[in-house]
Amino acid sequence: MKVIITIIVLLIITSGYYLSVHAAIFNANKTIEVKEYSDLFYKLGSDSAPDSVSIDEIIAGASQFALSMCDDAVYQQVLGKTVDSCKLKFHQSKAKCAQFLTAHNSAFYDKKTPVSLVAEKFIDCVSS
């Protein structure tokens, strides 16, 4: 009798864990918020429910990437710049570069290559 009760309890716990994990994964694919550059590709790479990313999400992810490049003091020194000058340039040009990209590119993308190209354009714009 103890064995049967133990098996039933284990089945309930296991099935509850299984369902909660899959529910979390399902919801994560639908509601992922792009905060970092890698989030763009995670959102696109979902096999179960591929999603598209907006130009605003690309700009958000590329902004984080550009700022991380600015924070790398050694990299900035190699370029002959400083961290502060890079950040200043970024903040001065971000709005203009975002406006240009928004006006001259599609609103949504569902493939990784075009997302990379648009993000690269933005990073080049804010860093040059």
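The values are calculated or read from the model by the stated rules, or taken from the named source; none is laboratory data. Model, not experiment: these values are computed from the prediction. Glycine gets a Cβ as well: all are built from the backbone with ideal geometry, and neighbour counts include every protein chain shown.
For the stretch 107-125, the set of residues classified as under 16 Å from Lys43 (Cβ atoms) and either in a loop (DSSP other than H, G, I, E, B) or over 15 Å from the mean Cα position of the chain (by Cα) (or both) consists of Ala107, Asp110, Lys111, listed by residue number.
Taken residue by residue, the stretch 78-87 has no member that is small (Gly, Ala, Ser), closer than 20 Å to Ser116 by Cα and in the same structural domain as Leu117 (by TED's automatic domain parsing). The set of residues in the stretch 50-78 that are closer than 23 Å to Ala103 by Cα and charged (D, E, K, R) comprises Asp51, Asp56, Glu57.
Scanning the stretch 83-128 for residues that are under 13 Å from Ile55 (Cα atoms), of a type in the set (Ser, Thr, Tyr) and buried (at least 16 other Cβ atoms within 10 Å of the Cβ) yields Tyr109, Ser116. Just one residue in the set Glu33, Glu57 is loosely packed, with under 14 Cβ neighbours inside 10 Å, out of contact with any helix residue (DSSP H, G or I) (no Cβ under 6 Å at 6 or more places or on another chain) and at pLDDT below 95; that residue is Glu33. Taking the condition under 13 Å from Ser127 (Cα atoms), crowded, with 16+ Cβ neighbours inside 10 Å and of a type outside the set (A, V, I, L, M), does Gln76 pass? Criteria met by Gln76. Cβ-Cβ contacts under 8 Å between residues 6 or more apart (or on different chains), taken from a first residue in the stretch 91-116 that is under 15 Å from Glu57 (Cβ atoms) to a second residue that is aromatic (Phe, Trp, Tyr) and part of a helix (DSSP H, G or I), are listed as Ala98/Phe122; Leu101/Phe122; Lys112/Phe41; Val115/Phe41.
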